[in-house]
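Structure first, then comments.
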Amino acid sequence: MTAPMPVLPPEPPPAGAAADATPPRAPEHKPPSRLLAPLRETGKLFSLAATVSREVFRRPFQVREFIEQFWFVASVTILPAALVSIPFGAVIALQVGSLTQQLGAQSFTGGASVLAVIQQASPIIVALLISGAAGSAICADLGSRKIREELDAMEVMGVSPIQRLVVPRVLATMLVAVLLNGLVSVVGTLGGYFFNVILQHGTPGAYLASFSALAQLPDLYISEVKALIFGFIAGIVAAYRGLNPRGGPKGVGDAVNQSVVITFMLLFFVNTVLTAIYLQIVPAKGS
């Protein structure tokens, strides 16, 4: 029989090797750059808009919620819109009338001022009032529900907060914006007519004749399209900020302010794009 081979002890590491042998470090997780935060927020906003557009066709449709929200949005915006449209129409009529007097084309005051009111002023007035009055209320309502965890409870019960709460509010803002745009256009036009005829001593016949000579039906169409899109933007932004508050009750107040500011910025940008497209597609009357 052979004797077992002796087990030799492990050789000690050379001097200095112990200090150099450090365990490998786990890769550090770097926080996302703050420069990408606006892009993420923009993507979430577009995602909510796409979800709302898809949930519109989902059944059952919340008819009662839609009627309640429609009445609320209309009740808080009709009177302010009518009151704001009068000075808007007056300022536009006075400014355009002063310019046409300098150019010797006072007979075109009515057409120019009415086109400015219908194409530009009326949709913007409607959108700003809906965003400031109705949008802020929608954002505060959804934000308070979020911090009380009501929306989480709805999701646990299998109820979609988007389809139950957001869709009726967005549709209500869109419908009110379209209907309110007509009211603001009429009131603004009457205000411009009054100030042009009374203060600038214009003739009613020339005012109406210039309007019929320059205006065309697509001017009203683009005004209503703008109001519809602006109402959709106001509702989506208010709902998005209301669904994503930060910091408890104080975060709800901050979200309301942010929703109004963001909506204002988007409205002016979208209005510029739509106006440029319209002027390129639809030729001026008489050209």
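The values are calculated or read from the model by the stated rules, or taken from the named source; none is laboratory data. Bear in mind the structure is a predicted one, so any value in this text is a computation, not a measurement. Every residue, glycine as well, gets a Cβ built from its backbone with ideal geometry; the counts of neighbours run over all protein chains shown. Note: accessible area is taken over every heavy atom of the protein model, side chains too, but ligands, DNA and RNA are not part of it. Shrake-Rupley method; radii C 1.70, N 1.55, O 1.52, S 1.80 Å.
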Exercise. With each label point set 7 Å from Cα along the Cα-Cβ vector, what nm distance links A213 and T275?
Worked result: 2.4
Exercise. Which of V237, V156, V73 moves the most in a Gaussian network model of the chain with Cα springs under 10 Å?
Worked result: V156
Problem set entry | Solvent-accessible area per residue for the chain (1.4 angstrom probe, square angstrom) | 58
Exercise. Pick from A127, A239, A90: which residue has the top mean-square fluctuation in a GNM of the chain where Cα pairs under 10 Å get a spring?
Worked result: A90
Exercise. How much of the accessible area of the range 34-87, probe 1.4 Å, is carbon plus sulfur, in whole percent?
Worked result: 72
For this session: Could you please state how large a percent of the accessible area of the range 153-287 is carbon and sulfur, counting protein chains only and using a 1.4 Å probe?
Result: 76
Exercise. Given springs between every Cα pair under 10 Å in a Gaussian network model of the chain, which of E65, E155, E224 has the largest fluctuation?
Worked result: E155
Exercise. How large is the Kirkwood hydrodynamic radius of the range 144-269, in angstrom, based on all distinct alpha carbon pairs?
Worked result: 17.7
Problem set entry | Principal semi-axes in Å for the chain [√(5λ), Cα gyration tensor, largest first] | 61, 25, 17
